[in-house]
Amino acid sequence: MVKLLVDMSMTLIHHGHTRLLQKAAEVGYVIVGLNTDEDILKHKGFKPKLTFDNRKELALAIRWVGEVLPVPWPLDSTFLDSHNIDFLVRGDLDWYYKDPENLQKLPINRIMLFPRTPNISSTILRGEI
């Protein structure tokens, strides 16, 4: 069975997340790679209102999720290899090209892309709240 890692922060979960997880589950076994509270603060600039353990509990309650792992930021092939993960699943590649070192850390042939859900993101929702 193909093992897929869907990395997420899940600071504000929405239907775009669940649609991505459902699409991934149609391909293989889904593991959510959850960013730590510390990495969210460091890279996104805010402390999540829900702790890692709370966000993990939410992720595990989603029917398409088989397990949850804390993931390093940024991800690399070593992490995927150490957990026998075949592909990283993403909704876009914007993040990938912003950091040219990603080409060395995570080869493009280890990434599986699905279309993003239009007009929805945690950033958009946070801005509207």
* Can you name the number of the only condition in (1) under 23 Å from Ile129 (Cα atoms); (2) in contact with an Asp or Glu (Cβ under 7 Å, 6 or more places away or on another chain); (3) open to solvent by 60 Å² or more (accessible area, probe 1.4 Å) that Phe52 fails? -> (3)
* In this structure, does Ile62 turn out to be hydrophobic (A, V, I, L, M, F, W, C) and over 12 Å from the mean Cα position of the chain (by Cα)? -> yes
* Asked: Which condition number in (1) modelled with pLDDT of 90 or more; (2) surrounded by 11 or more Cβ atoms within 10 Å (Cβ to Cβ); (3) out of contact with any helix residue (DSSP H, G or I) (no Cβ under 9 Å at 6 or more places or on another chain) is the one that Glu67 fails?
  -> (3)
* Asked: If you go through the range 90-111 one residue at a time, do you hit one that is farther than 23 Å from Lys3 by Cα, touching a helix residue (DSSP H, G or I) at 6+ places or on another chain (Cβ under 6 Å) and at pLDDT below 85?
  -> no
* Structure fact -> Among (1) open to solvent by 50 Å² or more (accessible area, probe 1.4 Å); (2) at negative phi; (3) at pLDDT 95 or above; (4) assigned to a loop (DSSP other than H, G, I, E, B), Ile62 falls short only on (1)
* Which condition does Lys23 not pass, out of (1) charged (D, E, K, R); (2) in contact (Cβ under 8 Å) with a residue 60 or more places away in the chain; (3) within 19 Å of Trp73 (Cβ to Cβ), if it passes all the others? -> (3)
* Go through the range 3-44 residue by residue and tally those that are farther than 19 Å from Leu113 by Cβ and open to solvent by 60 Å² or more (accessible area, probe 1.4 Å). => 6
* Structure fact -> Checked against (1) free of Cβ contacts under 8 Å to residues at least 24 places away in the same chain; (2) under 19 Å from Pro107 (Cα atoms); (3) of a type in the set (A, V, I, L, M, F, W, C), Leu75 satisfies every condition except (1)
* Structure fact -> Filtering the range 1-56 down to residues that are part of a helix (DSSP H, G or I), small (Gly, Ala, Ser), at pLDDT below 95 and in contact with a strand residue (DSSP E or B) (Cβ under 8 Å, 6 or more places away or on another chain) yields none
* Failed item in (1) at pLDDT 95 or above; (2) in contact with a His (Cβ under 6 Å, 6 or more places away or on another chain), with Trp73 passing the rest -> (1)
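The values are calculated or read from the model by the stated rules, or taken from the named source; none is laboratory data. Only a predicted model underlies this, so the values are computations on that prediction, with no experimental measurement involved. Note that we place each Cβ from the backbone using ideal geometry, even for glycine, and neighbour counts take in every protein chain shown. Ligands, DNA and RNA are excluded from the accessible area calculation, which covers all protein heavy atoms including side chains. Shrake-Rupley method; radii C 1.70, N 1.55, O 1.52, S 1.80 Å.
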